[in-house]
Structure formats: structure tokens, C-alpha cells
1. When you check A:ALA347 against the structure, is it buried (at least 24 other Cβ atoms within 10 Å of the Cβ), of a type in the set (Gly, Ala, Ser) and within 13 Å of another protein chain (Cβ to nearest Cβ), yes or no?
2. Hey, any hits in the stretch A:185-196 for a residue that's under 22 Å from the mean Cα position of the chain (by Cα) and small (Gly, Ala, Ser)?
3. B:GLN6 versus (1) farther than 30 Å from A:VAL272 by Cα; (2) open to solvent by 60 Å² or more (accessible area, probe 1.4 Å): which is the lone unmet condition?
4. Return the residues of the stretch B:398-410 that are touching a Pro at 6+ places or on another chain (Cβ under 7 Å) and over 22 Å from B:LEU440 (Cβ atoms); say none if nothing qualifies.
5. Looking only at the stretch B:23-42, which residues are at pLDDT 95 or above and hydroxyl-bearing (Ser, Thr, Tyr)?
6. Which of the residues belonging to the stretch A:168-184 are under 18 Å from the mean Cα position of the chain (by Cα) and assigned to a loop (DSSP other than H, G, I, E, B)?
7. Could you give me the residue pairs with C-beta distances under 7 Å whose first residue belongs to the stretch A:561-575 and is farther than 18 Å from A:VAL508 by Cα, whose second residue is exposed (fewer than 15 other Cβ atoms within 10 Å of the Cβ) wherever it lies, and which are 6+ apart or on separate chains?
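The values are calculated or read from the model by the stated rules, or taken from the named source; none is laboratory data. Remember, it's a predicted structure, so these values are computed and weren't measured experimentally. Positions of Cβ are generated from backbone atoms using ideal geometry, with glycine treated the same way; all protein chains shown enter the neighbour counts. Areas reflect the complete protein model, heavy atoms only, side chains present, ligands, DNA and RNA absent. Shrake-Rupley method; radii C 1.70, N 1.55, O 1.52, S 1.80 Å.
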Number of protein chains: 2
Amino acid sequence: MNHLYQLPLNGAGNPGQSNVTTPGSFANKNRVGTPWTFSSPDTPGMPAPSDKTAWDFLPDDWEVEILSDEDSHVESSSSPCLACQNSRVFTDSNGITRRVMPPVGFKPITQLEHARLGIITDQMIRVAEREGHLTPAQVRDEIAAGRMVIPANINHLQWKLDPMAIGRASKTKINANLGASPVSSDINEELEKVDWAVKFGADTLMDLSTGGDLNATRSAIVKHASTPVGTVPIYSMIIGKKIEDLDWPIIEAELHNQARQGVDYFTIHAGVLKEHLPFVRKRLIGIVSRGGSLLAKWMIHHNKQNPMYTHWEKICDILRQYDVTFSIGDGLRPGGLADATDQAQLAELVTLGELTERAWKRGVQVMIEGPGHVPLDQIEYNMKLQRTLCHGAPFYVLGPLVTDIFPGYDHITSCIGATNAAYHGASMLCYVTPKEHLGLPKKDDVKQGCIAYKIAAHAADIALGIPGSRERDDELTKARAALNWERHFELSFDPDTARAYHDEDLDVDTDFCAMCGHDWCSVRISKEILEFFSGKDEDSQRGKPVKSAALTPEQQEILAKRGVLSPDEIHKLANKTKKAVGADDGDKASCHSDYVDPDTAKKKQEEKLVTIGVGLKTNESVI
Amino acid sequence: MNHLYQLPLNGAGNPGQSNVTTPGSFANKNRVGTPWTFSSPDTPGMPAPSDKTAWDFLPDDWEVEILSDEDSHVESSSSPCLACQNSRVFTDSNGITRRVMPPVGFKPITQLEHARLGIITDQMIRVAEREGHLTPAQVRDEIAAGRMVIPANINHLQWKLDPMAIGRASKTKINANLGASPVSSDINEELEKVDWAVKFGADTLMDLSTGGDLNATRSAIVKHASTPVGTVPIYSMIIGKKIEDLDWPIIEAELHNQARQGVDYFTIHAGVLKEHLPFVRKRLIGIVSRGGSLLAKWMIHHNKQNPMYTHWEKICDILRQYDVTFSIGDGLRPGGLADATDQAQLAELVTLGELTERAWKRGVQVMIEGPGHVPLDQIEYNMKLQRTLCHGAPFYVLGPLVTDIFPGYDHITSCIGATNAAYHGASMLCYVTPKEHLGLPKKDDVKQGCIAYKIAAHAADIALGIPGSRERDDELTKARAALNWERHFELSFDPDTARAYHDEDLDVDTDFCAMCGHDWCSVRISKEILEFFSGKDEDSQRGKPVKSAALTPEQQEILAKRGVLSPDEIHKLANKTKKAVGADDGDKASCHSDYVDPDTAKKKQEEKLVTIGVGLKTNESVI
């Protein structure tokens, strides 16, 4: 019995509360200010981070000098007046002092340019407020290093944009794709979808409209959204045209147009090169990116290089004027496990690294898009290779799906990959809905996609040891231990679903639930054992068992869709306590007033279970 | 552009087809016959596998001798007649020759005992058939090493049991929990649930009944199930009694009873010791295992050691008589992230290792149960510590959940953990349904739980490089590339859901889908680019676009529950083509007969999208 086990504590610390028994995160120690920021320990064979950052890719007419301690006793200046001075000296949050010398008359526009000059913008301050574990100076420094972006078009900032950051030093973000189709959807519907996606946790939105009045829709979404909005401008460039007709004037005009409208980031598939196309020939499923396939067709037709690549510097200059962030597209992402991590994908990734360097030289913020479909064993490598080749620029990945044979469930197959991707280095996760590969997502698919991805992002933040990321989980565990159902629901990410599922079996808030029942509730039994009773947290205790409040319309709808209870039974749950607890029709009472004793509760449970059980096949599982 | 990237290929090879572009699995090389079998590369700090196996824990009256090459030119015998000989010499599939000497008159009963004597049983042969990558001799050798079990009660083998194996050398398995509740469910309902769980991929079932006629239910399930059936016998031991009254005669009688009935594995919480209980006091949520909490209460009441622990050898002797496999319970598994990998959990795991050794000494097959709720970063360590402490005995884990704040979605939070657990060493995954923590799972919850776990198990097998595990994925990718929808659905794990989701938007089998539509289909565009067109696989091609067949009742139900289409629209989909394709009401046509040209298909799509779009908020997302 004298076993020793060494815990692989790398020093990340405990991301939750202090009064817990878990030893804390096994991730690497928090090293914000370095390429490791929050990171997973490397499995053998993983590429080391790049030894370069955005500081190594300044515009050619800039100079920067690292000052020694003696030289650096110059006052750090925070005045934005740059026209009147040629150099700025400031010390970053890691204690490195730089003298930065932009050309005379230079005026910063982008967050990256401000950061390079040591300026902490209002947006950086807001980001630090939203990321409790970061200071404004750390946000600035991560942006200067190219490891973080704040997608905030200067025009969108005039509307409702609440600035947020994407980068591995901040919490993991999720993106939801929206957009009108060629023949349906009006603008108000799109705005409803924006609200719905944000309600379920979307941190950014992409308007991928391919139909309707694209301009009007885009403009309305940007004006309405408090999150950054991204687009794939090539869609608008070819509406009503053939891809073969695409040329620089069309590209230029559309980029200007969308940037002016306030779009915060652009997906541009500049990394698909002519010389990569032969690698695609051997694939099982060729090119699955719309932008990638369109540009491939253009290149083959014209026998010329990708115009997005050849015009890259001009594109950068347009984006810089509005501080539009790049989301450099992965046109050659794999469309099946069979094509993952292959030559086509990796060759493009090398090009994405080159495009990152070139964009940074023009002062533009950059994130990189990633796959797609990747077996679980290859995910860490994909993340860490991107970190190397793109010098730490934030990685924005689509899933990846870890198996191909579950269409209808790809929000799950992909959120498994997404969780691992975020743990190993991805900064933003583009959701996949249950309708992926099959059709257009409906409203409920958007919800399911958002929630699956919120799970992925949150689980990765906990795993990475981001301070405070587990506190709500710990609070919910305390409520669970105290069998305090109301608080349990309140702390749930989707309280309507949690309460509807609970009330389906047992509309009494007892000190057990219908999963195990009174006699078999381990938590209740634990509470009986005074020597180490659970639910000892005073704040989480509640009084005696209480009757559950009436179901809200949302909860009724959830139960109706499950198809377990009859409309009649749902109606009863929606009305039963309205008078007793002061709930009006359709409203939820904010508190309970009538207590139920444990015996009544137990009896009640048995009645309910009998009623529901008849012909409805309850109780399939008890764990 | 002269970048080099070293792929971390550890030699696992490609688990799918050979004509693909992915470099293959990054997992460790297949080393069946060693503690690594199929395994993930170790992150630094992971405990090495134990240098012991079940060969090191033979019964005291057995002797074993490893023979040198010269000594070993003795014929390997496969005769089961052991009473007539005192020693057996055989060479295992790794070329090691052993002389095994059981006591005179010894007759093997368990698969472990047979394996130790070099005997390949019918069950091992069947397992090798089901695990295409293993030979019967390898199955035998893994069992002899204690790294694999075949839960096959000799009495269940007289009914319909189709032998299967659990171990890291075989494919990952999933378990579904069923069982009658105190007040509902009859036996026929339970048997329906058995069929339902098996349909959606359950490899084993646990009957966790706590109500109804427990004996009759259990017996009926065992007789009906082709999968192994497990139970937690303590439930039956205390029905109608107080836990304090539990004593050895009760334990003994119930174990004999259930073993006689043909139960294939028993969860017994013998690892919760009196001395572990103080560690529980500091936890946020104490003990969440029902068996664990009951035995803790017993120990505190009597101030005595866990009776399952003190009577362990006697328990082993009962199990051996019927070849019931142990699933040694983790009574102190964490009930929240806050309690993961803590002293209570690890102290119990050490005891589980001791119990494993003691069970192997009595000839009983062993698997070990594991957590529960574990942050992603701690999963690999948990798996590899178990591998060390329990000398490679198969690990059977519940999830684990990687976050606590998503009740209603714990099939997802836990299947993320389960995928990682299987990749890092777990052999069987116990499902968690969406109702976990909230109430009793309904039939659809069982389905959702099974599918989420099938995803986890399958994704892990692919990641581990188990030969052939990705072939169906590759086939589906080919069908997808060829835009062959019928084959796409056939290869889907849940074809009804896949086709219902597809037909919801577009009841025409076109060369695109409603997600992107005709003009925006990257796969279609890829096919236009002759130079590297997708869908080049001849077998996957189909003719022109065809009308989709009528919806089956299952597909109608799926659409009805989604609540997107009106009953009228669903009815239309269910009937529209019945005459044209020869589908009777409710039956699905086996093939199509009326072709639709691409223009009609496109027009049709637009019509459908318009119709569905009105007021129904389609098209939320396009990726």
C-alpha cells in the first residue's frame, strides 16, 4: 500500500476555487508574454514555438531598439500625438524596454500599430476588463507580439461593438456562422439570428450570406451586433458573375465597400497557390472550402497565380485603413480524415505563415483559419505546427471533426476535436451544427452548435488553467452537493433545458432527483453521513424541499420537442403552481413559497414516475 | 518557402485505406503483446506502464517457467484435458515459451485460466473474428496478461451471448445503463430498451434496476441480450433492508444468485476503505457513487473495514465458478472537477490495484472502473496511472465530464472526456445521457447517449491507428466527394437522421445540398475542375440527380421532433414519391427510378427553400 505517484504538475495552478481537493491544472505554467501563454505540455515530436513574433516583421521604414536597463530610464509616454515625435520608448509588462521609431508623420490606425507604439487603446482596456486575468498592458503586449487580435473595425466601433480579443492568452472564443440564402431570409430574421447566437455564447459572428440584398444585410448585421462580424468577401465579388471574371478592380472595390461598412474581419483564401493544386489531385475529397475551390478554378482557367496572393500588399493596405483583421483562409483544409495533415494542407499552411509576416509588415492584425477534419492524434501537431509557422498568430479552427461517419451529429464529432484544438493552441473555434454536410442549419441547430462549442471552449480554458475559469463549475458542484436545484439551474449554461428535463420526471424540488430516486441518491446518503457530509457549503443550502415553479414557455417548448410528455402533461406543469407561487401564465416565479415535506416529495415522485412511465419507456438508465 | 516540418510519426500506420493523403496515425506503433498494445505517446510526466502483468499474480500453487529456445521444442498442446497432465508448454504469439504447472487435477473455468494454460477457447476465436486485427492467439495472450477480458458467464453462454472482448488491444467498447425503477417499467419494456441500446451501438449493458421484480428482470435481460450484462449486486442486497444490516451471508447469497443467472460482470466497490474516508471530508461533493456511499455508511456505522474488501478472496471464488468478470467499482470517483485526481480518488485507485492482484491470484478476470468528472488536462494522467497501478487491467470509465456547468448536455461534456480517455488508455466507456444529473433517461436519451459514446470510441480507435478502423470514414468521404447521397446516408451511423435532415430542406438527390446550394457547392466546383476533380472513385459515382425516396416513419418522427416543418410538409415528404419509386406507405424504396436533371434540381431546391423559409428561419448558417 506504499505507492507513490508523482503528479505531473507543471505549475498552471488551480483555475477554480481554492477550497477544492483537485491538485490543479496539469497544463504548462501561465507564461503570458511568451509564445507559451496558456499552453499544453508538448507530446514528444511537437514543433517548438517560433522564435519570431510580429516584432520581427515591422514595416521596412520602422526601426526598433531594445534598451538596456540603463538606457531605459526614459519616461514612458502615452500621448497618442505621434506626428510630433519620431520615437517612442516604453517598457512592456515583461520588463523589456523598446525604443520604437516609425517614420516621421506616422499615425497609427490598427490595434497592432498602437500596440507597437506602446499605446494602450480603449479597446485594450475593455478587453482586459472582460478577461479578468489580463492587464491592459498585457493585452497590448500580446497584440504587439501578433499573438492576439482585437477585431474592431473603426467604423463598427461607432456602433455597438463591445471589443473582445482572440488569442491564446485570453479565454477561448467561439464563432457562429449566419447568413441569408439565395432565396429566403429577410434582414429582420438575420438580426433575430444574431441575438439568438449571442444568447447561446457566440463571441463573433460571420455573415456568410450568398443571397438577398447582401449589402443591406451586412450593414444591418454590423450595426446590430455587439460582437465582431466577419465575412468572406469573395462571395460578394462573384454574385451574378462567373469566377473566371474576377479581377483586381472587383476585389479592390468590394474590400473597400465591406471595410467601410464596418466588417471586423475578412476571410481571404490567399494561401491556395497554383503550385499546391497538384497535391490536391491525390486527395479523396479535393477542395472543400468554397473560397478555395473558386480560386482554384480561377487559377486553372487563367493559368495564373492566386490574385489574392499576388495582390496581398494592396489588400493589406485596404484592411489597414479600417483596422479590419485578417482571418487568412485555409482553402486547402481537409474535407475528410483521409486528407488530414497532408501535403496540400501543410504547403498552404507554410504560405499562411508567409502571408502573416507580410500582413504584419503592413500593420494589419492577423488570425489564421484551420481545419476541418483531423483525427484526434493529429490535432496537437496541427496546432503546434501552426504556432511555429505563423509565429503565434491566433489560430481559428473549424472543429475539427474527429470522425466522418456521424452526419447529423457533427456538432459532437467536431466539438471533441475543437476542445483538443483549443487545449493545444487554437484561440477561436468556428462552430459546426448538427446540419453540417446535410443542409442549412435551422434556429435550433444554431443553438446546438453554439452550446457544443461553448462546452469545448470552456473545457479547454479550465484545462489550460486560466485563472477563474472553473469557478462557476465549482459553484454548481456545491449547489449539486447541497441538492439545491434552483441554484443548480441558475448556474447551468442553459437553465431552461436543465429545469425542463428535471421537471419532466419530478415537479417537486426535493433533496434527490428522479434519476436515482430518494432511496438511491448518493448525494443524499453522503449528506446523512455527518462525518463528511456533502453540501456543507452554507451559501448553497436551501430550506426544505419545495414545489417547482411553473414551466416557462421556453421550457414547455423544450419538453414538447422531446416528445416524452403529452401536451396535456406539459400544460399541467406549466400551470400547476402559478397561483401558489405567484407566477402568471407563462411567467416563471422568482422564488418558491410553499414547502413540501420529504415524505410528500417521495410520494409525489412515485406518482409522477408511474404516470409518465406508462407506455413511455422511462428509466432506461440509472448510473 | 523552404520550410521543413517533421511529422511525429510513431509508426502506428494508417488505420484507413491506402489511397489517402493523410500521413497516418501519430499514435505509438501497434505493440499488441506488450503493455503498450495500442497507445498514445506519453506527455512528459506520465507514469510508465507497470512491469508486471497477470503472469506475476498466479495462484500460489501454480508454477510457471519461461523456457529458452532450446527447451521449447516441445509441441504446443491444445487439448483441454488437464486432469490428465500436470504441466503445459506453449509458445505465445510474441515467441515466449512457458511451461505452466497448475496443481494436479486443476480444471480451468475462467477465460483467464484457460489463457494461462495456453488454451484458445471458442470465445477467444469469436473475439478474434470480431476484432479483425487480432489473432485468436493474441486474444489469448492479452487475456493471460490481464490486459483483456471476455465477460462471458458460463451460464450466459448457454443463451444468446456473442462473446466480445474489452481491452486496449481490441476496439474501444461502450456500455449503456438500463434498469427498472422502483415504481415503473415492466420486463418487456426493459427488453425493448436492450434492443434499442444495441441498435445504437452498446457493446455491453448494465442492468441497474432498483425496482420491480429485480430477479425476474435480470434473468430476462440476460436471456435476451447478445451482449454481456453487468450488475451492481449491492443494490439487490439491500432492497427492503437497511444498509447497516448488510453482512456476509447476504452478500454471498446474492452473488451466487446473480452469477447463476448468467450475469457477466459485477461492479463491486471493494476499494473504498475506512482509511480513505477522511480524504472525502475536504471534497466539494463527497461520494457520488451509490455503492460507495452505501458502503461508507456501513463502515462508519459499524466502525469496521469495507466487507467487500475483507471478504475479497471469498468473493473471487464465487465469481470464478461462473467466470463472472470483476468490474471493480470506483466508489470514490470525483463528482465534480473540483474533486478530480484527489487523494481520495488516488488512494482508492491504489487499492483497486491491490484487489486486481488478489483477483488474478484466484483466476478471476478483472476490469477497473474509473471517473467521472475530470478536467481535460488530467485525463491522460488518470489513464496512465491506472495502467501502472492495475498492471494493465482494462479501464472502464464513466465519461469523464470535462465541465460541470452544462446539465442537459452531459452526453457531450462527457464524450469529449471519453474520447480522450480511450485514446490515452481506457478500454470501455460507460455512456452518459443528456438526462444525467437531472432525471431518468428516456428512450431518446439512451439513443443520444449511445451515439455520443459511439463517436468517442470510434474516434479513439482511429486515433490509435487500429487497422481498418477508419475504412468506413474513408468510404463515406468518397461518397461525399461523389455527391452520392444515397451511399452517404447508408454509410452514416444513423442513416435515418442523416436523410431526414437532408430531406427537410431538399427532397431531391442533387449534386449539391441545401447547405451551400448549387452555385456555392465546393465539392461540385471541385468536380468541375477536371485537373483534380473530386469524386473520382468509380464505385462511389451514381448517375444523374434523383428524387429522394419517401420518408420512413422513423425519419418522419425525427423531423416532427425537430419542429421545423409542419406535419403537412412532413406528410408530403413521406408520400411524394411513393408511386414513382414504388415505395408503399411507410416503406422506403430500395432504389430510385426517376431522374431529375440538374436544372430541375436547382429549381426544385429554390422552391423548397422558399417554402420552408417563410417564417421558419432557415439558413442560419453556411460554412
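1. no
2. Checked against the condition, which is being under 22 Å from the mean Cα position of the chain (by Cα) and small (Gly, Ala, Ser), the stretch A:185-196 yields no hits at all.
3. (1)
4. Hit for the stretch B:398-410 is B:VAL402, nothing else.
5. B:THR34, B:THR37, B:SER39, B:SER40
6. A:ARG168, A:ALA169, A:SER170, A:LYS171, A:THR172
7. A:LYS561/B:LYS561; A:GLY563/B:LYS561
Quick grid of which residues meet (1) more than 7 Å from chain B (Cβ to nearest Cβ); (2) open to solvent by 20 Å² or more (accessible area, probe 1.4 Å); (3) out of contact with any Lys or Arg (no Cβ under 6 Å at 6 or more places or on another chain); (4) of a type outside the set (Val, Ile, Thr):
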| residue | (1), (2), (3), (4) |
| --- | --- |
| A:ARG470 | no, no, yes, yes |
| A:ALA481 | no, no, yes, yes |
| A:ARG487 | yes, yes, yes, yes |
| A:GLU490 | yes, yes, yes, yes |
| A:ASP496 | yes, yes, yes, yes |
| A:TYR501 | no, yes, no, yes |
